[in-house]
1. Output the number of the condition that Arg194 fails; it satisfies all remaining conditions of (1) modelled with pLDDT under 85; (2) buried (at least 16 other Cβ atoms within 10 Å of the Cβ); (3) within 15 Å of Gln304 (Cβ to Cβ).
2. Return yes or no: is Asp204 away from the ligand (no atom under 16 Å from the Cβ) and under 23 Å from Leu257 (Cβ atoms)?
3. Being of a type in the set (Val, Ile, Thr) and either open to solvent by 40 Å² or more (accessible area, probe 1.4 Å) or out of contact with any strand residue (DSSP E or B) (no Cβ under 7 Å at 6 or more places or on another chain) (or both) is the filter here; which residues of segment 166-180 pass it?
4. Quick one: how many residues across segment 82-97 are more than 16 Å from the ligand (Cβ to nearest atom) and either small (Gly, Ala, Ser) or not in a strand (DSSP E or B) (or both)?
5. Could you please give the count of residues in segment 224-247 that are under 21 Å from Lys353 (Cα atoms) and within 11 Å of the ligand (Cβ to nearest atom)?
6. Contact list please: Cβ distance under 6 Å, first residue in segment 334-349 and charged (D, E, K, R), second residue part of a loop (DSSP other than H, G, I, E, B), pairs at least six apart or on different chains.
7. Pick out the one residue from Arg163, Arg120 that is open to solvent by 70 Å² or more (accessible area, probe 1.4 Å) and under 26 Å from Ala322 (Cα atoms).
8. If Val346 passes every condition in (1) closer than 14 Å to Ser298 by Cβ; (2) part of a loop (DSSP other than H, G, I, E, B); (3) open to solvent by 10 Å² or more (accessible area, probe 1.4 Å) but one, which one does it miss?
Amino acid sequence: MYLLRHALNRRFSSLRSTGHNIRPKNCHRRFKFAAFSAISGSLGALTYLLYNQYSSLGNNELSQGHFTSYRISNKHIIDENHFLMELTPLIDQKINLWKLLGSEKMWSVQVKQPQIMVVRNYTPLPLIFNKATGAIELLKDGQFAGGKLLFYLKSYEHGEVARWLQQMQENEIVELRGPYIEYELPKLERESKRSRDFLLTAIDEEIQEEKYKFQPFDIAMYTAGTGIVTALQLMLTESPFRGTIDLFHSCKDFTELGPLMPLILKLERYKRLRLHLFESSHEPSRELRLTRMLKETSTPFPYQGSVVFREMTYNNVRPVLALVCGPDSFISSIASPKLSPYQGPVGGILEKKGWTSDNLFKLS
Ligand SMILES: Cc1cc2nc3c(=O)[nH]c(=O)nc-3n(C[C@H](O)[C@H](O)[C@H](O)COP(=O)(O)OP(=O)(O)OC[C@H]3O[C@@H](n4cnc5c(N)ncnc54)[C@H](O)[C@@H]3O)c2cc1C
């Protein structure tokens, strides 16, 4: 108020002092009062509206500042350690986080284990369960199902939170906070929207040639176990990221991905990703797996950024960034240990292929 009054006073006093005062004095005072009242009134209304909107959003919307309650609305057991879990907020969300965060931001939420008061991060996917068919379905553009989130989870024998989640039943309540952004890809503002329609149909359609405005941003991604969800989030989100993922996925067996498997294979058929699979059940020697990974790993390419895209002149993936996501031992073999909160040195397979701290990032 003081600043507003001060500003009005300054404005009127400057008019007075420069001789631009065109009204008689009491008329001027009435005008000053009316202007002041009108502006104060508008500001008051705006503040009220914002407060109203904020307070009604504030309590129920997912936020880093407080926990929001979600009901386990569906659970799909894949095997004794892997499962999918769909969470539905008790009160519908107003904000479409998929739209807000886009495909440039890799994000997670934290789930609270109330007995031991610890939180763990989990990466949501834009998928929901179809109650009638039991199948998982992709959220269409603009849809966010009132804020439902679907997670791919693994429980560990000595793990506290994932094991607790695995034992929980449908309709039980868990508390979430977030979102937390793990990494952000560069955004080319005027890049065209990329379609995901092929993921919404059961039949394979003809593959359309990719049309970008600028050069595609290909990524090499090294994931282990549930780390693959980070790559899936990028590729399944509305207007998916603009490039191809050279995906090196390590797991015990590909089948542990359950209903996510056909989605991944479809993404590969439509050249959204190139899959290099390393299954310890089929290729037991760790040494041999790492040797093959080294052989199949690309060297980094320079990013052409805003150079206008004309047509795909090459067949290969040309990664400009490498992301590594998995347990510590996995990150160490691929790129040397991550010394959280720092990135640590660059080593392992990626260093041998010429990747450096300029184009490599180890996710947590
Ligand atoms: C940003 C981010 C996103 C994540 N997203 C997901 C996700 O979508 N799905 C998911 O399942 N997990 C995800 N995680 C991992 C998750 O946060 C937990 O670390 C995991 O569920 C284990 O927690 P816990 O409390 O059960 O086990 P903890 O009590 O933390 O660990 C106990 C023991 O379990 C074993 N263990 C724990 N984690 C691993 C591992 N990764 N590999 C091998 N052994 C392990 C070890 O023996 C460890 O000593 C994510 C982590 C981060 C940081």
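1. Evaluating Arg194 over (1) modelled with pLDDT under 85; (2) buried (at least 16 other Cβ atoms within 10 Å of the Cβ); (3) within 15 Å of Gln304 (Cβ to Cβ) leaves (3) as the failure.
2. Working: away from the ligand (no atom under 16 Å from the Cβ): yes; under 23 Å from Leu257 (Cβ atoms): yes.
Yes, satisfied.
3. The answer is Ile173, and nothing else.
4. Number of matching residues: 7.
5. Summing the residues that are under 21 Å from Lys353 (Cα atoms) and within 11 Å of the ligand (Cβ to nearest atom) in segment 224-247 gives 1.
6. Final answer for the pair search is Lys338/Gly344.
7. Being open to solvent by 70 Å² or more (accessible area, probe 1.4 Å) and under 26 Å from Ala322 (Cα atoms) holds for just one of Arg163, Arg120, which is Arg120.
8. All conditions pass for Val346, except number (1).
The values are calculated or read from the model by the stated rules, or taken from the named source; none is laboratory data. Predicted, not measured: the structure shown is a model, and the values here were computed from it. When we count neighbours, we look across all protein chains shown, and the Cβ atoms used for this are built from the backbone with ideal geometry, even at glycine. With ligands, DNA and RNA removed, areas are computed over all heavy atoms of the protein, side chains included. Shrake-Rupley method; radii C 1.70, N 1.55, O 1.52, S 1.80 Å.
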